[in-house]
């Protein structure tokens, strides 16, 4: 594969009003590229693995920035940086799992410019795909990762359908654990999408990671008050502590009722193309007190139905151990 | 407009991906145009004679098992087209499992039909013979059990079904199923050809089936549809449209 030292020619738009960005996104459709912090963008373009006629830089739009308290929780603009999320006192007080997840994204330099929206909609890290091979996700007819010689240590154990890529987003798992609502805006208006349906499995959307349509912009994320101040846990296991993607991560939210778990969300990252809710674990937790015994009792449920690939069987005990740790040490 | 889609791989080589789905709209437009022109032509120029009666003695045309085959095949092809084409035109849903289950149903019933045709049915009644070619030009030449149009339709559906089933089975081996894990053993270019054959035969099936449904619903041919549901035509219908000397049909209850 040829390598390039410079970026290709791309038109750059820097709108300052959301309406202008929406009009551009509508006009350009799939020929346009929405730019947040750019940390996932520039590599694609520099390698010529993806091309776009124009980039729409969203960072100059004031309405997309900031963390606001609303009648039903908190709204976070999609262009808010990960650093701002990590340091926000309101989020740390009420939804600590999100700052904890954001704090584990990449490195401080990347968190300074990386945006929440960009982190949520970033593309998968499957290197066959990112290298520009004509795999299923790139519109081709096969999966290089799930083949006898395929290197699939980082790939999925759940939800495969031809493609075995995983979502690399750390904040996505927290969003699903918090029952967040994603606000997708287009020239036709707003569309509210529950986080659980925002991320897309390959069985329905094999060439994209989310259900955002061309012309739509993720403008905000809403965290419902229903989970404010509950007990949370986030942990990410990666090969390196800094500047690496999760092999497996876990985001959990526990609503305690008299010392026992009334409702729970337990979500794993790095195991599917979407943040993967461990619904059997969540059901089994109802009525139990958090602790090591409960963790031990439910851990095996985390991997029920998993289909590991040649080189990622290690993710199964990792998932089970993260469930044990989440129940042993919820914040 | 291209017939096939290609992608340039990371080594700069052109790789065949499959059929160009832009052709779908061409096929739909051509099919619709043909149907509209035929319907208008028949309304303006069509000969209107006395309609044969459906009363009176009945003649068995299709056994129950063959009618069951026809309708099971029809349903499975419909499901295959819906699950195969809708995601391509932007209506995305979890289609793959439904698609391959319907494909397996189609494969089984087609195999059954082949075996039954070879050993239990009159295979020659569906073959196109030289004298059949006179039918469109000489109104005194009546067909045996099947008209030239019906035989042609059957031949087209046979070829296209076998192509779509054959290529579909190769693709089936390339995905995970309850019985095996995929091997991904075929090269990109081989898979490209398989996807091309599958896609092209699907497009041609859409045209063929559109015509089949249209002709099946035409007023003067509704008795064929009834025979595919109930199994019989009347003696009067048989005499009007067929040469009974070339079709030794038995009386039916």
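Throughout, read-outs are computed from the coordinates displayed, never taken from laboratory work. Note that the coordinates shown come from a computational prediction; the quantities given were computed from them, not determined experimentally. Note that we place each Cβ from the backbone using ideal geometry, even for glycine, and neighbour counts take in every protein chain shown.
The fewest-to-most ranking of B:71, A:44 by surrounding Cβ atoms within 10 Å reads B:71, A:44. Ordering of A:124-135, A:82-93, B:30-41 by packing is A:124-135, A:82-93, B:30-41, highest average first (other Cβ atoms within 10 Å, averaged per residue). The fewest-to-most ranking of A:210, A:70, A:181 by surrounding Cβ atoms within 10 Å reads A:70, A:181, A:210. Here the simple spin-label model places points 7 Å from the Cα toward Cβ, and for residue B:121 and residue B:26 these points are separated by 3.3 nm.
Take each residue of peptide B:174-186, count the partner chain Cβ atoms within 10 Å of its Cβ, and average: the result is 3. Anisotropy class assigned to the range B:92-251 is prolate, per the alpha carbon gyration tensor with a/c at or over the 1.5 cut-off and a/b larger than b/c.
Overall, the anisotropy analysis places the range B:123-215 in the prolate class: the square-rooted eigenvalues a ≥ b ≥ c of its C-alpha gyration tensor yield a/c not less than 1.5, with a/b exceeding b/c. Which shape class, rounded, prolate or oblate, goes with the range A:1-90 when its Cα gyration tensor gives a ≥ b ≥ c as root eigenvalues, a/c under 1.5 marks rounded, and past that a/b bigger than b/c marks prolate? Oblate. Using a Gaussian network model of chain A in which every pair of alpha carbons under 10 angstrom is joined by a spring, one finds that among A:230, A:50, A:315 the greatest mean-square fluctuation is at A:50. Rounded to the nearest whole angstrom, the semi-axes of the ellipsoid equivalent to the range B:28-159, taken from the Cα gyration tensor as √(5λ), stand at 32, 24, 15, largest first. For chain B, what is the calculated [θ] at 222 nm in deg cm²/dmol (nearest 500), taking -39500 (n - 2.57) for each run of four or more DSSP H residues and dividing by its residue count? -19000 deg cm²/dmol, from helical runs alone.
Spatially, the range B:215-238 and the range A:41-84 are offset by 64 Å when compared through their Cα centroids. Taking the Cα of residue B:139, stepping 7 Å toward and past its beta carbon, and measuring to each backbone N in the range B:24-48: which are under 12 Å? Zone members listed by number: B:46-48.
Pair-distance distribution P(r) for chain A, from all Cα-Cα distances in 10 Å bins starting at 0: 6, 26, 35, 24, 8, 1, 0 percent. Arranged from fewest to most other beta-carbon atoms within 10 Å of their beta carbon, A:206, B:72, A:250 become B:72, A:206, A:250. The range B:141-197 and the range A:199-242 have their alpha-carbon centroids 40 Å apart.
Taken residue by residue and averaged, Cβ atoms of other chains lying within 10 Å of the Cβ of B:10-16 number 3.
Take each residue of peptide A:136-142, count the partner chain Cβ atoms within 10 Å of its Cβ, and average: the result is 6.
Stokes-Einstein diffusion for the protein assembly as shown at 25 °C, viscosity 0.890 mPa s, with a Kirkwood radius from C-alpha pairs, works out to 88 µm²/s.
Summary of the geometry: the range A:251-329 and the range B:54-110, compared by the centres of their Cα atoms, lie 43 Å apart.
The reciprocal of the average 1/r between distinct C-alpha atoms defines the Kirkwood hydrodynamic radius, which for the range A:11-60 equals 11.0 Å.
Packing-based ranking of A:138-149, A:103-114 yields A:138-149, A:103-114, ordered from highest to lowest mean Cβ neighbour count within 10 Å.
Computed over chain A with a Gaussian network model linking Cα atoms closer than 10 Å, the most mobile of A:242, A:267, A:187 is A:242.
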